[in-house]
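The values are calculated or read from the model by the stated rules, or taken from the named source; none is laboratory data. Here the structure is a predicted model, which is why all the values come from computation and not from measurement. With ideal geometry, Cβ positions are generated from the backbone for all residues, glycine too; neighbour counts draw on all protein chains shown. Calculation scope for accessible area: heavy atoms of the full protein, side chains included, ligands and nucleic acids excluded. Shrake-Rupley method; radii C 1.70, N 1.55, O 1.52, S 1.80 Å.
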Amino acid sequence: NYTIDTKSREENKKTIENLYRLSVDIKKIRRLKEWVLLQDVAYVKEIAGILQEMGADETAVASILERCPEAILHTPAEINSQRALWQLVCQNEKQLIKLIEQFPESFFTAEYHENQKANILFFQELGLKNNIITRFLTSAPSIFYNPVEKNKNVIEALQRNYLSLGGSDANMKIWILKLLSQNPFILLNSSTAIQENLEFLQKNAFTDHEVLQLLSKLKGFIFQLTPTTMQKSMLFSKNVFKCSDQELKQLVLKCPALLYYSVPVLEERLEGLLKEGISVAQIRETPMVLELTTQIVQYRIKKLSALGYDIKSGTLESLNGTKKDFEVNYGKIQSKKERPIFNPVAPINIED
């Protein structure tokens with residue numbers, strides 16, 4: 001915890017001088033995190049020295065300290081401990097310094113050192129590969145701040161539920177590791193929340209097999225929802241598509257986004273589609289189109305219209321999928337349109 005009262009404090013001249021010698025853009029730090037420059041104690045030379053030891057050149061050191069100036073407020077001992085910790089999952093120091101350059105703020109969070117270490121060892125025991133753990137350290141560092149017992153409880157709750165839903169012991173480890181690698185943030189949920197969400201689906205007549213199917217399709221994002229939000233989204237879809245409970249269930253299995261997105265998001269996307277002249281019946285036939293933002297839909301319709309493809313009378317399948325899927329579909333429609341009407345291998349009529 002650092003003092004952030006900037007009015008009565010003056011910048012630490014020694015800190016400024018040391019940063020200046022390292023070619024750090026001090027104006028940038030003043031603009032973004034001036035409070036760092038006001039601290040009485042800073043370890044500019046020492047932290048720069050550790051980074052250089054690991055292989056960072058002058059430009060890299062300056063860039064790291066500009067983006068994460070609070071690094072200089074940690075003691076060299078803290079940073080060396082963090083260095084040893086990340087080396088548990090990095091192949092070498094070259095990879096480590098590359099990660100620090102890309103994600104300095106994740107590396108310089110040294111406050112939860114013991115929790116980070118315990119969680120790294122737990123993830124390794126669980127069977128997660130080191131490259132996945134490094135990805136977690138950089139993109140989801142908050143999961144390492146939890147006490148390891150909390151993360152273990154969540155994993156155990158997932159394992160229990162997987163087996164009770166009919167999953168097999170043989171596949172459980174693969175399922176857990178896949179779920180974690182797709183969405184590490186599930187560890188920020190409580191085991192109670194996980195239980196409540198699964199019970200909600202079962203109460204809504206989803207079979208155990210279908211619940212497992214939804215878990216896999218939603219990549220664990222279902223655990224970041226609540227029964228209330230899911231209920232509202234399902235009710236909205238039921239009213240829009242004027243369908244029975246059974247039909248709604250089939251729509252959700254076809255397009256889990258109907259469960260995942262909030263009512264305002266679904267409303268906005270639906271309106272965007274209707275403005276383009278697409279009917280509710282077409283959307284009901286291909287609900288996956290609601291997974292796309294309004295901007296993406298407009299862009300894709302515009303591209304298809306330029307080829308003379310009328311989306312209002314055709315299927316919405318051509319709009320669907322990832323960017324890559326769409327480009328493939330678009331290419332097929334384009335080549336079909338450009339194909340010559342005459343048969344190039346037919347014999348030429350001499351009289352013509």
- Note on the structure: With the dipole of the chain defined by +1 on each Lys or Arg Cβ and -1 on each Asp or Glu Cβ, the option from Leu188, Thr228, Pro147 whose Cα lies farthest towards the positive pole is Thr228
- Please express the Cα-Cα pair-distance distribution P(r) of segment 226-337 as a list of whole percents, one per 10 Å bin, running from 0 to the bin with the greatest distance. 14, 46, 28, 10, 1
- Residues listed by number, segment 237-269, amide nitrogen under 19 Å from Ile296 label point at 7 Å toward C-beta: 252-269
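Mind putting a number on the dipole of segment 111-217 about its Cα centre? Charges go on the C-beta only, +1 for Lys and Arg and -1 for Asp and Glu, and I need it in Debye to the nearest 20. Present the calculation step by step, with values, prior to reporting the outcome.
Numbers: 10 positive and 10 negative charges, 63 e Å.
That gives a dipole near 300 debye.
At a 1.4 Å probe, what is the % contribution of carbon and sulfur to the accessible area of segment 226-337?
On the way: 3370 of 6050 Å².
Answer for segment 226-337: carbon and sulfur cover 56 percent of the accessible area.
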- Please work out how much accessible surface Ser63 shows to a 1.4 Å probe, ignoring ligands, DNA and RNA, in Å² rounded to 10. 40
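Compute the signed sum of charges (Lys and Arg +1, Asp and Glu -1) over the other residues within less than 12 Å, Cβ to Cβ, of Glu93.
On the way: positive: Arg83, Lys94, Lys98; negative: Glu53.
Taking every Cβ under 12 Å from that of Glu93, the sum is +2.
Would you work out the charge dipole size for the chain about its Cα centre, treating the Cβ of every Lys and Arg as +1 and the Cβ of every Asp and Glu as -1, and quote it to the nearest 20 debye?
Numbers: 44 positive and 42 negative charges, 110 e Å.
It comes to approximately 520 debye.
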- Query: When only C-alpha pairs under 8 Å and at least 6 residues apart count, what is the relative contact order of the chain, in percent?
  - Reply: 8
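Counting Lys and Arg as +1 and Asp and Glu as -1, each charge on the Cβ, what is the dipole of segment 226-337 about the Cα centre in debye, to the nearest 20?
On the way: 17 positive and 12 negative charges, 60 e Å.
In total the dipole reaches around 280 debye.
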- List, in order, the whole-Hz ³J(HN,Hα) value for each residue of segment 158-172 obtained from phi through the Karplus relation with A = 6.51, B = -1.76, C = 1.60 and θ = phi - 60°; use x for Gly and Pro. 5, 4, 4, 5, 4, 5, 5, 8, x, x, 9, 4, 4, 9, 4
- Among Gln159, Ile120, Pro76, which residue has its Cα positioned farthest towards the positive end of the charge dipole of segment 39-190, with +1 placed on the Cβ of Lys and Arg, -1 on the Cβ of Asp and Glu, and the dipole taken about the Cα centre? Gln159
- Message: Tell me the accessible surface of Arg160 in square angstrom (1.4 angstrom probe, heavy atoms of protein chains only), to the nearest ten.
- Response: 140
- Query: If you average over every viewing direction, what projected area does the convex hull of the Cα atoms of the chain give, in nm²?
  - Reply: 28.4
- Expected 222 nm ellipticity per residue - DSSP helices of 4 or more, -39500 (n - 2.57), all of the chain, to 500: -18500 deg cm²/dmol
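Over segment 1-141, what percent of the accessible surface lies on carbon and sulfur atoms, probe 1.4 Å? It would help to have the intermediate numbers written out before the result.
Working: 3560 of 7550 Å².
Summing carbon and sulfur atoms, their accessible area is 47 percent of the total for segment 1-141.
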- Could you tell me how many degrees, from 0 to 90 and to the nearest 10, lie between the Cα long axis of helix 130-139 and the main elongation axis, the longest principal axis, of the Cα atoms of the chain? 80
- Message: Counting other C-beta atoms within 10 Å, and keeping those with at most 14, which DSSP coil GluC sites (Glu not before Pro) do you find in segment 108-199?
- Response: Glu111
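Heavy-atom accessible area per residue, the chain, 1.4 Å probe: how many Å²?
Values: 19310 Å² over 352 residues.
So the chain comes to 55 Å² accessible per residue, rounded to a whole number.
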